[in-house]
């Protein structure tokens, strides 16, 4: 898509790109035929699709560009393409394979079906072939799991709370229950870093709910430059600690196994 947009930009300028992307979004909405969803989740998805359709007439041309990191438009396109699902609150999920160390999850059979998730912008045949080979190896070793991967939606940040997360996860649980091939819920973020939580206790709910109900949490590496900017730039306290050398953002991950997740959702 990016190559196509460069050609449009060369001939029609940035307004041409905006018009082209508006047309793409409109076509995706008109052709959207999502799988049957549980009632609660279906209403959340429809609310977001309605918002995206309304944006076509109210958002400026600058919104309809694909050149900045993690533009909201990319999430809009993925929703309309059926690649991700808003679940409520400040979160959405995509379905994809996740690499897991054997001790992180019990071994489950991953042979049923093929992944329908993610990477809607990756189309290089050689890249896809390499990914498929890696997937087969990791599945054979029991190191790969099909998960719903949780992401934060910045435009919904006012719904970023413990109560909204609980409602969102209960919506998600209804979808997991009708999708037996899903192995669990996965998240990876600096939000889960205990050092960030110590400086910003209001973030604690993001990891505490899963970890207290069967999720496995582990330190998984250093964030990229963009994530560091997010971690440091969104809190004066974290920024000051970072500048004093007292805080270095880290990425933590969790996997909430299917059975534990559904047990929590059912209240048992």
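The values are calculated or read from the model by the stated rules, or taken from the named source; none is laboratory data. Computed from a predicted model, the values in this text were never measured in an experiment. Please note: Cβ atoms are built from the backbone with ideal geometry, for glycine as well, and neighbour counts cover all protein chains shown.
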Residue hits (the range 186-206; more than 11 Å from residue 146 (Cβ to Cβ) and in contact with a strand residue (DSSP E or B) (Cβ under 8 Å, 6 or more places away or on another chain)) are 187, 188, 189, 190, 191, 192, 193, 194, 206
Selection over the range 44-82 where residues are loosely packed, with under 13 Cβ neighbours inside 10 Å and over 30 Å from residue 225 (Cα atoms) yields a count of 5
Checklist entry - In the range 61-75, is there at least one residue being closer than 24 Å to residue 184 by Cα, in the same structural domain as residue 38 (by TED's automatic domain parsing) and not in a loop (DSSP other than H, G, I, E, B)? => result yes
In this structure, is residue 145 in contact with a strand residue (DSSP E or B) (Cβ under 6 Å, 6 or more places away or on another chain), surrounded by 20 or more Cβ atoms within 10 Å (Cβ to Cβ), at pLDDT below 95 and within 30 Å of residue 46 (Cβ to Cβ)? yes
Note on the range 76-92: residues part of a helix (DSSP H, G or I) and either modelled with pLDDT under 90 or under 14 Å from the mean Cα position of the chain (by Cα) (or both) are 76, 77, 78, 79
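For every residue, the table says whether it meets (1) part of a loop (DSSP other than H, G, I, E, B); (2) without any contact (Cβ under 8 Å) to a residue 40 or more places away in the chain.
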| site | (1), (2) |
| --- | --- |
| 34 | yes, no |
| 42 | no, yes |
| 45 | no, no |
| 55 | no, yes |
| 94 | no, no |
| 97 | no, no |
So, first residue farther than 15 Å from residue 24 by Cα in the range 58-75, second residue surrounded by fewer than 12 Cβ atoms within 10 Å (Cβ to Cβ) and modelled with pLDDT under 75, Cβ within less than 9 Å, six or more apart or across chains; the pairs are 67/2
Restricted to the range 156-166 and to residues being assigned to a helix (DSSP H, G or I) and within 15 Å of the chain's Cα centre (by Cα), the residue farthest from residue 88 (Cα to Cα) is 157
The helices (runs of 4 or more DSSP H) lying entirely within the range 167-268 that contain at least 3 residues which are out of contact with any helix residue (DSSP H, G or I) (no Cβ under 6 Å at 6 or more places or on another chain), in the same structural domain as residue 91 (by TED's automatic domain parsing) and more than 17 Å from residue 90 (Cβ to Cβ) are 194-199, 225-233, 236-243, 258-266
